[in-house]
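Readers should treat all values here as calculations from the given coordinates under stated rules, not as data from a laboratory. Since we're looking at a predicted model, the values are computed, not measured. Glycine gets a Cβ as well: all are built from the backbone with ideal geometry, and neighbour counts include every protein chain shown.
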Amino acid sequence: MHRRFIVPSALAASLLLAIPASAAEGTAGAPGIGDPYYPASGNGGYDVSHYDLRLKYQPATDLLEGTATILATTTQELSRFDLDFGLDVSEVRVNGKKAEYARSGDQELEITPAAALAKGKAVSVVVRYAGKPSELKINGWTSWARTPDGAVAAQEPDSAVWWFPSNDHPLDKATYDISVSVPDGTQAISNGVLQSQSSKLGWTRFNWRAGKPQATYLTTLAIGRFDITTDTTSDGLPVVNAYSKDLGANGGAARASIERTTEVAEWLTEVFGPYPFDALGGYSPNVKSGFALETQTRPFYSPKQFANGANVSVVVHELAHQWYGDSVSVKGWKDIWINEGFARYSQWLWSEKEGEGTAQELADYTYAQHPADDAFWTVKPGDPGPDNQFDAAVYDRGALAIQALRNKVGDETFFELLKGWPAEHAYGNASVADFVTYAERVSGRPLADFFDTWLYQPTRPQAPAAAAAHS
Ligand code: ARG
Ligand code: ZN
C-alpha cells in the first residue's frame, strides 16, 4: 500500500498497526476459536475432519517423534493459519508443498502456505516434530505425565498441545488414526479400536482408530507395561481394558471396577439411549495424580480412584460422559455443567438402582452439607469461570439442579429429557442455554427462571424437595 500524504511518525506507526500491512495478512485465520475462557484454544479459518498421527516414543528418554497429517476444509480464504502445538517442528507441508512456519507464544504454530488457500477447499497439513513433552512448559506447566515405564496424555481442558498439533477445542471434532511405536515389551493404549499391532527391529507398533468424531482433549495416549484384557459386548463392540503392571495394592480394585465397564454401559444405554461409539474400555496407568477423565471410548482412571476398594461409581461417571460430554460436547468451556452435572447425577441414579440411596436422598444429603453461607454457593455452575471449571459446585450443585428439574417435571418427562438430549445432539456441540430451551420444549413448561436460580445465581436456592414433584 502506498501512502500519498505525510503524517507524524508516531501516528504513522499506529496507523501501520491498525491497518493490515498487506492484503494477505487480512485473511489470516484467527489464533483462537473464540472461547472467552481460553482465548488461545482452537483457531479460526478451517475445520479438521481427520488426524493421522504416526508416532514413536522412547520411555527411557521421553523423546516423542512424529508426523501428523491433518485433513481439513477451509472456512475462509487463508493466507496463514494456526495450529495449537508446543513441541519442536522440523517441517510443515500444506497440500504437499513446503510451508513457512513460526511460533507465537507457547502454543501457536503459525503456518504460511506457499500460496493463499481458497475458502471451502480440502487441505492437507503435514507436521514433522520431535521433543520431550515432560519438559515442555505451556502456561507454566506440562500435562504430560511420565511414569516409571512410560507416559500418559490425559487432561482437561487441554492435553493435545503437548503431543500433537491440532485445532484444540471441542468445537472442532474429528476422527483419528493413532499409530504409536514403542520398545518391544511396552504397549501403547489409545482411543477406539486396535486395528493391528506388529513388531520389528525391537519396536512394537500399535495402530488405533477412533472412527467417530472426537474432541482433542478426549484423545489420549498411554505408554507403559500393561496387562490388557479384551472382550466383545453382546452388540459386537470390542472392549479393551489396560492395567499398568505396577498398580501395587490398588491393582485388584482397579480391575474389579473397570471390568464392570460393559455392565455399566449397558445400564447407561437404558437411561441415555444407544451407546454412541464403536469401542469400550478403560485404563489405569501408574500415575501419581488422583483424577479420572472421560477419554473417548476408553476413560483414564488414576489408581488412587481405587484406594478404598472397587469404585464402580467413577466408572459410571466416566462412562456417562460418553453421552454427556463426548458425543454431545460443550460449545464453550463455560458449558461444563452439561458434562459434569449429568455425569455426577448418573452416579446418583446408579446408587438409586443399587439400593445405596436414592437420588433424592443423595440430593438432600449434599444440600445439607453446604449451609447458605458456604462459598460453595457462590460458584455458578452455568458459568463458573475458568478457575472454577472443576469446582465441586459444578458437579454437586450441578447434580442438585438436575434433581430439582426431576422433581419439577416428574419422572416420565425427566427420563425422556435425559434420553432425548444425546439423540438430538449426537456427535455435536451444545450449550447450557441450548439445554434450557430443549427442556422447556420437551416439558412444555417455562423453565428459564428455574434454571437461572439453579445455575446462574451466586446464592443457595431452595432445597430441591421431593414434595415439589408434579407440582
Ligand atoms: N472431567 C473430569 C471428570 O470427569 C475432570 C478432570 C479434571 N481435571 C483434573 N485434573 N482434575 O471428573
Ligand atoms: Zn466428570
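The figures follow:
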{"read-out": "Of 173/334; 121/212; 304/419; 132/212, those spanning more than 25 Å from alpha-carbon to alpha-carbon", "value": "304/419; 132/212"}
{"read-out": "Prolate/oblate/rounded call for segment 275-420, Cα gyration tensor, a/c under 1.5 rounded", "value": "rounded"}
{"read-out": "Proxy reagent accessibility, fewest Cβ within 10 Å first, across 220, 186", "value": "186, 220"}
{"read-out": "Under 16 Å from residue 353, Cα to Cα: aspartates and glutamates that are on another chain or at least 8 residues apart", "value": "263, 266, 270, 361, 411"}
{"read-out": "For the chain: relative contact order, % (alpha-carbon pairs under 8 angstrom, 6 or more apart)", "value": "11"}
{"read-out": "Cα centroid of segment 436-462 to Cα centroid of segment 51-79, whole Å", "value": "42"}
{"read-out": "Helix-only [θ]222 nm of the chain, DSSP H runs n ≥ 4, -39500 (n - 2.57) each, per residue, nearest 500", "value": "-7500 deg cm²/dmol"}
{"read-out": "Assigned charges on the beta-carbon of Lys, Arg, Asp, Glu; segment 230-337 dipole about Cα centre (debye)", "value": "520"}
{"read-out": "Sorted peptide list for 225-231, 351-357, 188-194, 242-248, criterion being average Cβ within 10 angstrom, highest first", "value": "188-194, 242-248, 225-231, 351-357"}
{"read-out": "Mean-position separation - Cα centroids, segment 303-354 and segment 387-415, in angstrom", "value": "12"}
{"read-out": "Reach of residue 119 by Cα under 19 Å, taken over aspartates and glutamates that are not fewer than 8 positions away in the same chain", "value": "25, 47, 77, 82, 110, 172"}
{"read-out": "Label-reachable residues, segment 245-268, where backbone N falls under 19 Å from a point 7 Å from residue 426's Cα toward its Cβ", "value": "265-268"}
{"read-out": "Shape call, the chain: gyration tensor on alpha carbons, a/c limit 1.5", "value": "oblate"}
{"read-out": "Point-charge dipole on Cβ atoms (K/R +1, D/E -1) for segment 306-389, about Cα centre, debye to 20", "value": "260"}
{"read-out": "Lys/Arg +1, Asp/Glu -1 at C-beta; the chain dipole; positive extreme among 116, 166, 359", "value": "116"}
{"read-out": "The chain, dipole about Cα centre (Lys/Arg Cβ +1, Asp/Glu Cβ -1), debye to the nearest 20", "value": "1460"}
{"read-out": "Alpha-carbon centroid distance for the pair segment 217-247 / segment 174-192, whole angstrom", "value": "11"}
